[in-house]
Every structure is written in C-alpha cells, then in structure tokens.
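What follows draws every value from the coordinates through simple rules; no lab data is involved. These numbers come from a predicted model, not from an experiment. Note: ideal-geometry Cβ built from the backbone for every residue, glycine included; neighbour counts use all protein chains shown.
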Amino acid sequence: MSVQTSSNRPLEQAKSHTVVDAPDPQSRVRSAPLPGEDPYPTRLAEPLDLPWLNRQEPVVKGRDREGPLSAEQLDAFERRGFLFEPDFLDGEELDALRRELSALLDRDDFRGRDFSITEPQGNEIRSLFAVHFLSRLFGRLAHDERLVGRARQILGGEPYVHQSRINYKPGFEGKGFNWHSDFETWHAEDGMPAMHAVSASIVLTDNHTFNGPLMLVPGSHRVFVPCLGETPEDHHKQSLKTQEFGVPSREALRRLIDRHGIEAPTGAAGGLLLFDCNTLHGSNANMSPDPRSNVFFVYNRRDNRCVEPYAASKRRPRFLAHAPGEDWSADA
C-alpha cells in the first residue's frame, strides 16, 4: 500500500519529508510539507523512519476572542493538550442530564441500530452517537455558549458539532479503549484536513480511579504518530467496539509516556474535560461496581470541514461525522 495523500505520493517520497529525532519532540524542526502533500500520512504499509511527525497547526488559535476561558487556562491547554474544569455543571441541570442519559440507554428501539454500539462481548450499550440529534436536551447543551465559547477561543473560528456521543461503561462489564489520537481517525476515515478540532466531555457520573476514567498523555498533542495497517472496509463496525487499526506503536507510546507521563482527571459528576483532537488518550476497563458515563461533543472549525478520507476507501456513516448545518435523523 502507498501512502494516501492528496497528490498520491508513494511512501518513499513521504519518508523524505520526515524529521530528525531529538530529545524533546517540541524542539524538533520539520520543514513545511510540499504543496498538495498530506502532512499527516497514516495507515501505512510500513513504518516511517521516525515514530512521529511534528504538528503543523497552532494549538490555541483564538486568544483574541472573548470567552469563558482565562489566559492561564488557555496556556495550560496549549501546554498540556487538555484542561479539566470541576463543577462545570451541578444541581438540577446535571440531574436532568443524568435522567436523560438513563432514558436514552433504556430505549430498546435503539439496540441493534448502527448508531448504537454495544460492548464487544455483550448487549450493554457502550456508545450512542449523534446524541445531540437524538435528544433535545443534549442538543441544547451541544449549542450552549458555555461550550461553544470555549471551543471558539481554542479554535480561533466558528465551531460546529462534528460528532457527539454518550459513552457508558457499566460496572464490572465496561471494557477499555486502546490508546489513540482522535484526529488520526478523523483525518484517515472522515477526511478532517487539519488539527482545528477540540473535544468537550462532560462527566455525568463520578469518575474515580477504579471505574475506567479517561487517561491522557500530556504534551502528546504536539506530534502526530502515523499508524500502520490499511483501513479495512467498514472499519467503524469493529473499531467502535475494539480498535486495532489507527493505534500508535508501542515504541512511540513508550517514548511519549516516558517523557510526559499519564494523567487521569477524576472527580464528581459535572466536571468538564476539554482536550485537543490530537491528544493521545485511552482508558482501562471498569473494575468497579460503579458505572462511568459522559456526554461528548466534538467541535470542528467551519473552514476545516471534512473532505474525502485521507486513508480509507469511503467516508464513514453520517452519524459519526456531521457537516456544518446538517440535519440527521435516526430514522434516515
């Protein structure tokens, strides 16, 4: 397989524009990609000479925009690739969202639908996608200025909801998620051109050490880790249960984690986790009796709307990747 770029340059040419390794990935220098070249080649037949490539886009692009995030918070996000805000929601607002979560998970007519993902070995719902279309309450939250304003400050442009979902890990049964960069998947399979997206995850149940909280590698957002293996046909049907393609090599993970460590923000329900589209993250299985759930909105910049996939034969279904102003229905 050759590296799929917008100019169809083969792997050998893509290799010629990789960079020289250095002790700190933030200090490595990479010349700008050639015109028409994909700066983020992935799903390769063989590895590049180095474990990662430098990020091309700034992390925070809207410092001049008014919004709820302070300069110190934007600095922390730029440095670490994520920001956790405890007590973002509370009281009746949080209780209403938790009731809505339970009602959606109890919908028998959602089981077996393509937007409803069950556990790898079981019938428990693992994720419900396009939740801002499935629920008016979550739809209002997705467009709430408290979230949109934060996204606008980080992205430096007007955001739209590229993807939304509920993630649910039942007690004892909830399986983990392999390490990955969301951008790698959105670039390879959805056609997202550049790193102009941010995820907002609101914790709907208490997150603690033992119920499989999200783990992140701070600083990993500054480099792109190409992954091996050609994207299978209809890959989403397997990857949303257990991801095997689009997973960084253990060597790259080891080196990044050795440098930056792993962090797992935990806390009471109502906290907000913002993280860059390219921050490496994953989670362990839920070993406790306590479920872990969150609602998750991805904000992409409007001028970064998706094009044809960079490393897949066709686009993923619409419930996974929305366009600006697009409507979607579970009955479509």
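Can you tell me which aspartates and glutamates have their Cα less than 15 Å from the Cα of residue 169? Leave out same-chain residues fewer than eight positions away.
Here the aspartates and glutamates satisfying the reach criterion relative to residue 169 are 106, 119, 124, 206, 290.
Dividing the alpha-carbon Rg of region 28-148 by 2.2 N^0.38 Å yields what?
Expressed relative to 2.2 N^0.38 Å, the Cα Rg reads 1.51.
When Lys and Arg each count +1 and Asp and Glu each count -1, what net charge do the other residues less than 11 Å away from residue 85, Cβ to Cβ, add up to?
Counting the neighbours of residue 85, the net charge comes to +1.
Please identify every one of the trypsin sites (Lys or Arg not before Pro) in region 279-332 that sits in a loop by DSSP and has no more than 12 other beta carbons within 10 Å of its own beta carbon.
Those that pass, being in a loop and sparsely packed, are 314.
Can you give the Rg/Rh ratio of region 82-304, where Rg is from the C-alpha atoms and Rh is the Kirkwood radius?
Result for region 82-304 is an Rg/Rh of 0.93.
Net charge near residue 70, counting Lys/Arg +1 and Asp/Glu -1 over other residues with Cβ under 13 Å of its Cβ? The partial results should precede the final answer.
Working: positive: 63, 65, 150; negative: 66, 72, 75, 78, 85.
So the environment of residue 70 carries a net charge of -2.
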